[in-house]
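Peer 1: Quick one: the structure is below, and I'll ask about it shortly.
The values are calculated or read from the model by the stated rules, or taken from the named source; none is laboratory data. This is a predicted model, so every value here is computed, not measured. Note: ideal-geometry Cβ built from the backbone for every residue, glycine included; neighbour counts use all protein chains shown. SASA here: full protein model, heavy atoms, side chains in, ligands and nucleic acids out. Shrake-Rupley method; radii C 1.70, N 1.55, O 1.52, S 1.80 Å.
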Amino acid sequence: MSSKIQIKICGINSNQSAEACNGADFIGFVFYQKSPRFVTAFEAKEISKYLQTNLKKVGLFVNSEINLIKHISEFVNLDIIQLHGTETIKNIQQIKIATKKPIIKAIPISNKTDIMNSKKIEEVCDMILFDKKSENHGGTGFSFDWKLLKDFKSKKQWMLAGGLNIDNVKEAILATNAPIIDISSGVEKRRGVKCEKKIKKLINYLKKNER
C-alpha cells in the first residue's frame with residue numbers, strides 16, 4: 001500500500017464502539033429504521049460525546065424526507081450527509097441546499113455499467129461510495145468484484161465499501177486504489193453489534209500499513 005488511507009467505521013450505535021473509533025477519520029450513524037444499526041437522533045447526539053473532535057460524523061439516510069434529514073443534521077451536528085437509497089440528482093441537489101452539508105452518494109455495484117452511470121451522480125455530490133448492490137442498502141458483509149474499479153478515476157475523493165474486513169482490506173485497496181475505505185459488518189461480533197477490539201485492530205493495521 002502508498003499514501004494515507006482514510007477510514008470510515010459505519011453503523012456506530014454505542015458509546016463503547018464510538019470510543020474505539022477514535023483514530024479513524026469518519027464514523028457513520030445509520031438513520032434508516034430497517035437497519036440493525038439504526039440509531040435515533042438523540043442517541044447519535046449522546047454517542048457523539050465520546051468522539052474526538054477531529055472525527056467527521058456522517059449521517060446515513062435511505063430515501064428520507066428532506067425536512068427530516070435537515071432536522072437530524074442540525075440536531076446531531078453532522079458533518080456530512082450520506083444518501084444510500086434511490087435518491088435522484090434533483091433530490092441530491094435539494095438536500096445539499098437544505099442542509100448546507102457535503103453529500104456522499106452510495107452507488108450500488110453489480111457490473112461495469114453501474115460504475116459508468118455513477119459519473120452523472122458524481123458531478124452533483126462531494127463524494128461517492130461504491131458498495132455491493134443489495135436490497136438492504138449496505139452492511140451486508142458481501143463484496144462486489146473489485147476488478148470493476150481497476151480503471152476508475154475521479155477528481156474527487158471516493159469510498160469503497162462492501163464486505164471489507166481486516167483479512168481482505170489490503171487486497172481491496174491494492175485492487176481498487178481506493179483512498180477511503182468504509183467498514184461496518186467487518187468489525188462486528190454479530191449483526192448490528194460492533195466489536196471494539198476489531199475496530200481498534202483494523203484502525204491500527206491500516207495506519208501501520210499506509211500505502
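Peer 1: Which is touching an Asp or Glu at 6+ places or on another chain (Cβ under 9 Å) and modelled with pLDDT under 95, of T140, T176?
Peer 2: From the options T140, T176, the qualifying one is T140.
Peer 1: For K57, state whether it is modelled with pLDDT under 95 and either closer than 25 Å to R191 by Cβ or surrounded by fewer than 14 Cβ atoms within 10 Å (Cβ to Cβ) (or both).
Peer 2: For K57, the condition - modelled with pLDDT under 95 and either closer than 25 Å to R191 by Cβ or surrounded by fewer than 14 Cβ atoms within 10 Å (Cβ to Cβ) (or both) - is not met.
Condition check ((1) assigned to a loop (DSSP other than H, G, I, E, B); (2) buried (at least 21 other Cβ atoms within 10 Å of the Cβ); (3) among the charged types (D, E, K, R); (4) over 15 Å from the mean Cα position of the chain (by Cα)) across all residues:
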{"site": "E171", "(1), (2), (3), (4)": "no, no, yes, yes"}
{"site": "L174", "(1), (2), (3), (4)": "no, no, no, yes"}
{"site": "A178", "(1), (2), (3), (4)": "yes, yes, no, no"}
{"site": "D182", "(1), (2), (3), (4)": "no, yes, yes, no"}
{"site": "G186", "(1), (2), (3), (4)": "no, yes, no, no"}
{"site": "K189", "(1), (2), (3), (4)": "no, no, yes, yes"}
{"site": "I199", "(1), (2), (3), (4)": "no, yes, no, no"}
{"site": "L202", "(1), (2), (3), (4)": "no, yes, no, yes"}
{"site": "Y205", "(1), (2), (3), (4)": "no, no, no, yes"}
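Peer 1: Turning to a different aspect of this structure: Of everything in segment 119-132, what is surrounded by fewer than 16 Cβ atoms within 10 Å (Cβ to Cβ) and modelled with pLDDT under 90? Give them in sequence order.
Peer 2: K119, K120
Peer 1: Could you look through segment 159-169, keep only residues that are open to solvent by 40 Å² or more (accessible area, probe 1.4 Å) and not polar (S, T, N, Q), and pick out the one that is nearest to K201 (Cα to Cα)?
Peer 2: I166
Peer 1: Check whether at least one residue in segment 129-143 is more than 27 Å from C21 (Cα to Cα) and either outside any loop (DSSP other than H, G, I, E, B) or of a type outside the set (K, R) (or both), and report yes or no.
Peer 2: Yes, some residue in segment 129-143 is more than 27 Å from C21 (Cα to Cα) and either outside any loop (DSSP other than H, G, I, E, B) or of a type outside the set (K, R) (or both).
Peer 1: Could you tell me which numbered condition I81 fails, if it satisfies all but one of (1) within 20 Å of I180 (Cα to Cα); (2) open to solvent by less than 10 Å² (accessible area, probe 1.4 Å); (3) out of contact with any Ser or Thr (no Cβ under 6 Å at 6 or more places or on another chain)?
Peer 2: Just one mismatch for I81, condition (3).
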